[in-house]
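As structure tokens, the structure follows; a few thoughts come after it.
The values are calculated or read from the model by the stated rules, or taken from the named source; none is laboratory data. All figures in this text were calculated on a predicted structure; none of them were measured in a lab. Note: ideal-geometry Cβ built from the backbone for every residue, glycine included; neighbour counts use all protein chains shown. Only protein heavy atoms, including side chains, enter the accessible area calculation; ligands, DNA and RNA are left aside. Shrake-Rupley method; radii C 1.70, N 1.55, O 1.52, S 1.80 Å.
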Amino acid sequence: MKTTSTDWLYTVMPAVFTWLKESESGVLEIDFDETRRQAEYVLKAQGKGGSRMGGLVASGTLGENSYLSNEQRLSLLKSLSEVAKENNVPLISGASAETKEEIAKIIAGLATVGVDTVMVMPPKTLEVPSDEDMYAYYALAATAAKEAGVTIMPYNNPDAAGYHAISTNTLIKLASLPEVAALKISTIDVSIIETLLLVNKDLKILAGVDTVTVYAGLAGACGGITGVGTIFPKASITMQEYVLKGEWDEALKVSQAMNSISYLDGQPLLMEYLKFAMGLHHNDVDGGLRTLGKKLTPEQIEDVRARYILAKERIEGLGLLD
């Protein structure tokens, strides 16, 4: 797989968490300083081969995007755009809407605070859109992106509840739009990546589920977006280095070392689980449990703790602990 050190599509990128703190009134609000610090920590990490994360993904699923107000989201992204610029990487953010007009407006707003690429989820509608309606939704998003001077990344996440699948034919059509930087495929069924690349070998596809990063790379994905890599960046970057060099045995060793915690990336409460694991990693248990999402039960907390400890031990055994 050919790549250059400056092509962010051929790297792994961290989906960073939005850290929260309690206000004087006891309400949770964004802790901008801690969020920036955590993002900077991940972007400074290096893999065994010396490479780094190629982009900064903020206010996505792991960034509590669906729980933030528009004002909070834009303030957060404006703050993190400075971190992205300082580290010379693009800022990527998620976006979802019910209508194509709404998604166009959201993209225009994100562009004003420094977002370079917008991961666009399928429309949040009760009725499954036809292929024609799905294409129209993304086509208008692409037009809005062109006008705003940014790019988009159609985000196919058929395994997650509440999101419609984008058909293979529609994905292929969307990939031909000049404003589409890549396709993000978040599914454990990596055969869709192989199918897409058989039709067009030049497609840029990013994997979005940590458990199948290596297998997605084998199928032809050029890079990926990671949640677990935000916790264990050196291991995640190193695994991507092995994938790009086709050193599958070595890549698989890293994948297996992270398996116990990567499993959480495919669960409905992935944000709550992985945020707590990040808190454990930084000796900030309380911070890791502060979320606008679901509150974890004692049983869930202990399960995540055990999975984190096991992954940490295995990663340390490979010499890849940060």
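What to note about this one:
- Some residue of segment 8-15 being open to solvent by less than 10 Å² (accessible area, probe 1.4 Å), in contact (Cβ under 8 Å) with a residue 12 or more places away in the chain and over 24 Å from T213 (Cβ atoms): no
- Residues that are open to solvent by less than 10 Å² (accessible area, probe 1.4 Å) and either touching a residue at least 40 places away in the same chain (Cβ under 8 Å) or within 12 Å of A97 (Cα to Cα) (or both), drawn from segment 124-143: Y137, Y138, A141
- Filter result for K294 (at pLDDT 95 or above, under 28 Å from V27 (Cα atoms) and in contact with a Ser or Thr (Cβ under 7 Å, 6 or more places away or on another chain)): no
- Only one of the numbered conditions (1) assigned to a loop (DSSP other than H, G, I, E, B); (2) open to solvent by less than 20 Å² (accessible area, probe 1.4 Å); (3) among the aliphatic types (A, V, I, L, M) is violated by L77, and that is (1).
- With respect to the conditions (1) closer than 29 Å to D202 by Cβ; (2) assigned to a helix (DSSP H, G or I), Y41 lacks only one, and its number is (1).
Residues checked against (1) open to solvent by 50 Å² or more (accessible area, probe 1.4 Å); (2) of a type in the set (F, W, Y); (3) in contact with a helix residue (DSSP H, G or I) (Cβ under 6 Å, 6 or more places away or on another chain); (4) without any contact (Cβ under 8 Å) to a residue 40 or more places away in the chain:
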site: F17; (1), (2), (3), (4): no, yes, yes, no
site: E22; (1), (2), (3), (4): yes, no, no, no
site: L28; (1), (2), (3), (4): no, no, no, no
site: D33; (1), (2), (3), (4): yes, no, no, yes
site: K48; (1), (2), (3), (4): yes, no, yes, no
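- Segment 205-215, residues that are over 15 Å from E241 (Cβ atoms), in contact with a helix residue (DSSP H, G or I) (Cβ under 7 Å, 6 or more places away or on another chain) and part of a helix (DSSP H, G or I): D210, T211
- A search for C-beta distances below 6 Å between a residue of segment 201-216 that is without any contact (Cβ under 8 Å) to a residue 24 or more places away in the chain and any residue that is surrounded by 20 or more Cβ atoms within 10 Å (Cβ to Cβ), counting only pairs 6+ apart in sequence or on different chains, returns I205/L183; I205/I185; I205/I193; I205/A221; A207/T213; A207/A216; A207/A221; A207/G224.
- Filtered by the rule that a residue be in contact with a Ser or Thr (Cβ under 7 Å, 6 or more places away or on another chain), at pLDDT 95 or above and under 27 Å from S79 (Cα atoms), segment 120-147 gives a lone residue, A145.
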